[in-house]
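Here is the structure we will look at.
The values are calculated or read from the model by the stated rules, or taken from the named source; none is laboratory data. In this text the structure is predicted, and so the values were computed from the model without any measurement. When we count neighbours, we look across all protein chains shown, and the Cβ atoms used for this are built from the backbone with ideal geometry, even at glycine. Ligands, DNA and RNA are stripped out before the accessible areas are found, and what is left, the full protein with its side chains, is counted by its heavy atoms. Shrake-Rupley method; radii C 1.70, N 1.55, O 1.52, S 1.80 Å.
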Amino acid sequence: SYHKLMRELNVEWIKIPSGKKEKDGYTLDKVNQLHSSIELFLHSYRGISDKYLRHYIGLYKIKDRNKQFYKKQIFKILFKKILNSLCALRYKDFRSEFSFSMI
């Protein structure tokens, strides 16, 4: 499955052999850290539906990129607005409409 994606993205793919931690200086540390961070973020929500996964990831990106502006109450309000929205929101649309410097 990765072969087709890598060709479409036109990027070099370095496969780390099973059981190894690195190959030619390349490691999976960043991928594992990101996975752990997203998993920890999603753990606080129960019954996450695949249907809304894109919205959860969008919220994760907002929280991660705007750590100094993150406030739990504001985040919950934004989350509820996204989940109750009838239109398909994309992260780039959401980001351009909100200025976190005002929060």
What is the sum of charges, Lys and Arg at +1 and Asp and Glu at -1, for the other residues whose Cβ falls under 15 Å from the Cβ of Tyr26? +1
So, with +1 on the Cβ of K and R and -1 on the Cβ of D and E, and no other charges, what is the size of the charge dipole of region 32-84 about its Cα centre, to the nearest 20 debye? 300 debye
Beyond 24 Å (Cα-Cα) in this structure, taken from Lys23/Lys61; Lys23/Lys67; Lys61/Lys81; Lys51/Lys80; Lys21/Lys67, we find Lys23/Lys61; Lys23/Lys67; Lys21/Lys67
From the phi of every residue in region 10-19, what ³J(HN,Hα) in whole Hz does the Karplus formula 6.51 cos²θ - 1.76 cosθ + 1.60 yield, where θ is phi - 60° and glycine or proline is x? 6, 10, 7, 10, 10, 8, 8, x, 4, x
From highest to lowest solvent-accessible area (probe 1.4 Å; ligands, DNA and RNA excluded), Ser49, Ser44 read Ser44, Ser49
